[in-house]
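The values are calculated or read from the model by the stated rules, or taken from the named source; none is laboratory data. Keep in mind that this is a model prediction, so the values were computed, not measured. FYI the Cβ positions are ideal-geometry reconstructions off the backbone, even for glycines, and counts take in every protein chain you see.
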Amino acid sequence: MADPKEPRDHAPTPVSGCLLQIVWSMLGPGVVLIAGCIVVIEERPVGSAPDWVLLGAVLAAVVARTLDRAEPGTAAAGEATPPGRAGYAAWVAGAGAMFFALGHFVAPFLP
């Protein structure tokens with residue numbers, strides 16, 4: 001842990017600068033999870049409202065991560081670094097595709 005009396009090599013991020021990070025790190029995946037569960041549970045046809053909400057959540061999370069200026073590997077020593085943009089987009093899009101496939105191609109055949 002850093003000594004509080006030592007000067008920091010970077011200024012602390014203001015709360016307003018953390019808004020995009022909160023969106024892409026917590027709200028985006030949370031909404032993707034909830035929308036994906038609704039797609040799986042409701043078993044509606046392809047192109048229904050839950051599908052569009054899932055797509056919108058995936059796109060919003062990826063856009064928020066893209067707009068966030070935090071770069072991987074830029075955190076100070078001992079702090080967590082944010083994931084890269086491409087890796088994050090792949091994970092979120094993969095989760096959305098998994099929920100879509102489960103809801104439309106697997107769940108209808110389950111008892």
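Quick one: in segment 1-34, which of the residues that are over 13 Å from the mean Cα position of the chain (by Cα), part of a helix (DSSP H, G or I) and small (Gly, Ala, Ser) is modelled with the lowest pLDDT?
Only one residue tops the list, namely Ser16.
Residue-wise test of (1) under 13 Å from the mean Cα position of the chain (by Cα); (2) surrounded by fewer than 11 Cβ atoms within 10 Å (Cβ to Cβ); (3) modelled with pLDDT of 85 or more; (4) of a type outside the set (Val, Ile, Thr).
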residue	(1), (2), (3), (4)
Asp51	no, no, yes, yes
Val63	yes, no, yes, no
Ala70	no, no, no, yes
Ala76	no, yes, no, yes
Pro82	yes, no, no, yes
Ala107	no, no, yes, yes
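For segment 51-72, give me the residue count where each residue is under 12 Å from Gly96 (Cα atoms) and free of Cβ contacts under 8 Å to residues at least 24 places away in the same chain.
4
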